Each structure stands twice: as structure tokens, then as C-alpha cells.
Ligand code: ARG
């Protein structure tokens, strides 16, 4: 069975430090049993849609390891080889997660790359995503990843880069305020971007679907469509859900409330493999 999605067991998931505004007030406040139930539901949802999930063992002291979107950026090199670029987490607390995930990639024969000799802050698919069907990467900087890291990433994969700047700390990762449904359509939180970036996104993606602020704070934009037909999203985001249904997708609601306390939801709880 070829795994298509990577998750990490939530055994040690908690909020132990505050590195984004969502975490404030939640230190020590995670219900671990509820978190495991919610995590299992997300995993089962991907499996039911036909995406087998590999699971990394939990590591004590690494509460954010569960956000497997962040420690690496996978893709295929122009010659078709599977590759993963190593992240360099902005927060020192999260840096030890990276080796755990990169060891997993290496064990399955994936080539591993560093972006530069001196580490540039880069948080994997939190801030960079492949535009479906194109040799193009959409990258966000402003809070976690550095612009130079995005440039180096695109060079490594010989891909075009669309780089945008994030300006609101509540949407500190690109995957909290922009979610691609396909090469033409995306969900967006417009207030998260500076004006030139917003104009660039409007030129690039003909259909931009607005996520209202209250739902954006529940990370509706961190929902995910693994196949262009289904959209997995935090429950209690009815406006977003209706707008996605209007585009012809089936909406699958899951509750990730414990992970929202850490600033993460569906998209960042997993890594899609090429
Ligand atoms: N607590 C984590 C952090 O702030 C959450 C990461 C969520 N990941 C994401 N791709 N948005 O780093």
C-alpha cells in the first residue's frame, strides 16, 4: 500500500508555549482524549476518501509534531524523483521535529535537500503549496518563512514561484488564509495579505471565495480538498461550507477544536505525499 498522507500520533500533543495568537490562553488546556478522537476522525476521513495514511510515532517534548505539514516540503524533481526539502522552524521549540519527519522521508527512499548553507526560516507546507497541475509553487512569508527560503525552494524544484506577504499574525501561515481547490479556485482571507499580494492572487486565481472573518479565525481556510471533489473542513463554518458546495464540492465537516487551540486544523495535521 502506498501511503499518500503522513500524520503523527497525537499522544504528546498539547499547548506548551505560545508562538501564534491562537495559542494564547490555552497553555496546558488541551483535552488529550478528545484530541485523539478528533485526530482519528481526520485520519479516517482521508482513508475513506482513498488516501492511505502513514503515522509517525509520537515524541515526548514535541507537542507540535502532529502538525506534519510543517517540517518538510515534498515534491517531485523534474526527473520524477521524490524529494523532500528540510524545514527550518522559526520557533526553536519546534526545530527538533524536523529530523523526526526527515528520517521518515529518508527511510522510504526520498531524497532530502537543505535550502541553503545557512538555515533560512521555512515551515514547509504551512507556507508553501504546489499549484495543482502546474510546476508552480505558491509561497507565503511575513511571520514564519523568509522570502529567500521560498526563492531557494522554487529553484530546487525548478518551479515558478508566486510569493505573497502575510500581514496579520492571526493568519501566520499561508495555509491559514489561502486554500487552493485547484489551479483556478481558492478560498481566501483577504485581510491577511498586503495589497500587492492580494492583487497578485486576484490576477492568478480567477475564482477567489471569501471566508468570513469569524470562520477564518476557526481556520476554515485550513480545510483541505485532497482530490478536488471533497473539502474537509472544521465544523461550525457554515458560510464557507455553503460557498464550497456552490462550487460543486462535497463538504465533509470534522471537529478539530483541540488543535485550533494550537492554531492548526485539517490542512496542517497532515502532509500530502507526491
Ligand atoms: N502550534 C503550531 C505553530 O504555531 C501550529 C502549526 C499549524 N500548522 C500550520 N501549517 N498552520 O507552529
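Rule-based calculations on the coordinates, nothing more; no lab input. The structure displayed is predicted, hence computed values, not measured ones. Every residue, glycine as well, gets a Cβ built from its backbone with ideal geometry; the counts of neighbours run over all protein chains shown.
Tabulated data
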| read-out | value |
| --- | --- |
| Cβ-based exposure ranking for 86, 203, 36, in which fewest neighbours within 10 Å come first | 203, 36, 86 |
| Peptides ranked, highest mean first, by Cβ atoms within 10 Å: ranges 145-152, 243-250 | 145-152, 243-250 |
| The chain: calculated mean residue ellipticity at 222 nm from DSSP helix runs of at least 4, using -39500 (n - 2.57) | -7000 deg cm²/dmol |
| Inter-label distance, nm, simple model (7 Å from Cα along the C-beta direction), residue 135/residue 245 | 4.1 |
| Cα gyration tensor shape for region 193-243, rounded if a/c is under 1.5, else prolate or oblate | oblate |
| Rough spin-label spacing in nm, given labels placed 7 Å along Cα→Cβ, for residue 227 and residue 184 | 2.1 |
| Within the chain, percent of DSSP bridges classed antiparallel, to nearest 5 | 40 |
| Shape call, region 77-165: gyration tensor on alpha carbons, a/c limit 1.5 | oblate |
| Part-to-part distance (alpha-carbon centres) for region 14-58 and region 101-161, which is given in Å | 23 |
| Relative contact order (percent, whole number), the chain, Cα cutoff 8 Å, 6+ residue spacing | 20 |
| Cα-based shape type of the chain, given that a ≥ b ≥ c are square roots of the gyration tensor eigenvalues and the cut on a/c is 1.5 | rounded |
| Fully extended contour minus Cα-Cα distance, from residue 40 to residue 27, at 0.36 nm per residue | 2.4 nm |
| Backbone N within region 143-171 under 17 Å of label point (7 Å from residue 118 Cα along the Cβ vector) | 145-153 |
| Residue exposure sequence - 12, 17, 172 - by fewest surrounding Cβ within 10 Å | 17, 12, 172 |
| Distance (nanometres) between label positions extended 7 Å along Cα→Cβ at residue 76 and residue 106 | 2.5 |
| Selected from 262, 72, 40 as most flexible by GNM, with the chain as the system and alpha-carbon contacts under 10 Å | 40 |
| Stretchable slack from residue 199 to residue 11, in nm (0.36 nm times residue separation minus alpha-carbon distance) | 63.5 nm |
| Contact order relative to length of region 131-274, as percent, for alpha carbon pairs under 8 angstrom and 6 or more apart | 17 |
| Convex hull volume of region 137-274 per residue (C-alpha atoms, cubic angstrom) | 104 |
| Average Cα contact separation per residue, region 1-79, under 8 Å, 6 or more apart, as relative contact order % | 48 |
